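For reference, the structure is listed below as structure tokens.
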Amino acid sequence: MSKDLGHDEERYRRYRALLAPGTPLREGLERIRAGHTGALIVLGTNPVVEQVSTGGFTVNTDFTPTALRELAKMDGGIVVDDDLTTIISAGVHFSPSASLPTVETGTRHRTADRVALQSNVPVVTVSAAMSVIALFMAGLRYPIESSEQILVRAEQAVATLSRYRERLDSVTRELSGLEMDDLVTVGDLVQAVQPLAMVRRLAEELEGHVEALGVDGRLLQLQMYELTQGIDQLATLLELDYRDAGAERFTLDVLRHLPTGDLLDPVTVASAIGLTSADLDTHLRAHGYRIVSQSAQMSTTTAGRLLEHFGSLQAVFAASGSELAAVPGVGTARARAIRDGLARISDSVSSR
């Protein structure tokens, strides 16, 4: 019996992708479901699979949706290789240990659950009566939903993501204005990182939907890309702006795993990301990487050189074109672009 019980996210995502619409395996399963014949398919083989297999016959033919559908018409299960390129055998009867625990009641599903448990090889079933596809793996059952079912949840997630992205864009503009006036507090920073964390969480959820949808998830993938563009860069720049010298503990990645209830609490968020004070009224000074680097799409190295030369974000705003051009690696053309970019940022903040 396998010792690796329970959910394995990486392994689950691999098989979810193999079962997504547009893949040969999913096409074969859909043909079986349409024919109402049912099936039990072991997705790989090892000595334990061979041990619990009786009867059947060797096939050793290329895996195709048509071949899978035709072989599923016969009694018994089907064994394919680990890469899903070859159908190894068909008409196989499986006799896993009856002592293995399972909550399944139907014969096919009970057998699939126990084979997956005993061999640590995933098993897929198609229910003849209910026309339901399920993946059994390491003691767990994963329903394989239709594209229509997934899209309903995905559309809800996109709508929620869109609202949080709008909120994030709004609070970061407000944060920019406070940074320019050197008026940022812990509460202001937390107000910006909360929607950022939610956008990243929703993006991870949508990535799962895209994988599960396969070829049907292309439009969803484009929507997700549009709504999450620049998010990781924003997180990196915020970390550079508010990480004090030597304060390695300050990070926004910890918010990925913070319980949702805690993410809504500003004091908890402030403590979790590593701020030295969780008092929401404590003043924070931004180093200025985000605003300066985004003013002319420059690297953080160049932005850091400017900030080090002038000493503060406010001094960079006050610098003339010639003073900016005098900084090593900037030059006249880039200095002009920086001045124009900073002016646009200032105008966008002032207009709100």
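The values are calculated or read from the model by the stated rules, or taken from the named source; none is laboratory data. Quick caveat: nothing in here was measured; it's all calculated off a predicted structure. Quick reminder, even Gly has a Cβ in these numbers, built from the backbone with ideal geometry, and neighbours come from all protein chains shown. When the accessible area is computed, the model is the full protein with side chains, heavy atoms only, and any ligands, DNA or RNA have been set aside. Shrake-Rupley method; radii C 1.70, N 1.55, O 1.52, S 1.80 Å.
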Given the options 197, 67, 212, state which has the largest fluctuation in a GNM of the chain using a 10 Å cut-off (strictly under) for Cα springs.
67
In whole angstrom, note down how far apart the Cα centers of the range 20-45 and the range 157-207 are.
43 Å
Compute a Gaussian network model of the chain, connecting alpha carbons closer than 10 Å, and tell me which residue from 84, 19, 220 fluctuates the most.
84
At R0 = 35 Å the Cβ-Cβ FRET efficiency linking residue 253 and residue 312, nearest 0.05, sits at 0.80
Å² of accessible area per residue within the chain, as computed with a 1.4 Å probe and no ligands counted:
49 Å²
What list of ³J(HN,Hα) couplings, whole Hz, do you get for the range 249-254 from phi and the Karplus terms 6.51, -1.76, 1.60, once you set θ to phi - 60° and write x for glycine and proline?
6, 5, 7, 8, 4, 4
For the chain, give me the percentage of DSSP beta bridges that are antiparallel, rounded to the nearest 5 percent.
90 percent
If unit charges are put on Cβ atoms (+1 for Lys and Arg, -1 for Asp and Glu) and the dipole of the chain is taken about its Cα centre, the option from 29, 140, 47 lying farthest towards the positive end turns out to be 29
Geometric extent, Cα atoms of the chain - Rg, Dmax (angstrom):
28.0, 85
Largest first and to the nearest Å, give the Cα extent of the range 289-350 along each principal axis.
30, 19, 19
With the full set of protein chains in place, find how many percent of the accessible area of the range 162-213 is carbon and sulfur; take the probe as 1.4 Å.
45 percent
Got the relative contact order for the range 1-145 handy, in percent, Cα pairs under 8 Å and 6 or more residues apart?
28 percent
Compute the Rg/Rh shape ratio of the range 149-272: radius of gyration over Kirkwood radius, all on alpha-carbon atoms.
1.01
Rounded to one decimal in nm, the spacing of the 7 Å Cα→Cβ label points at residue 5 and residue 36 is 3.8 nm
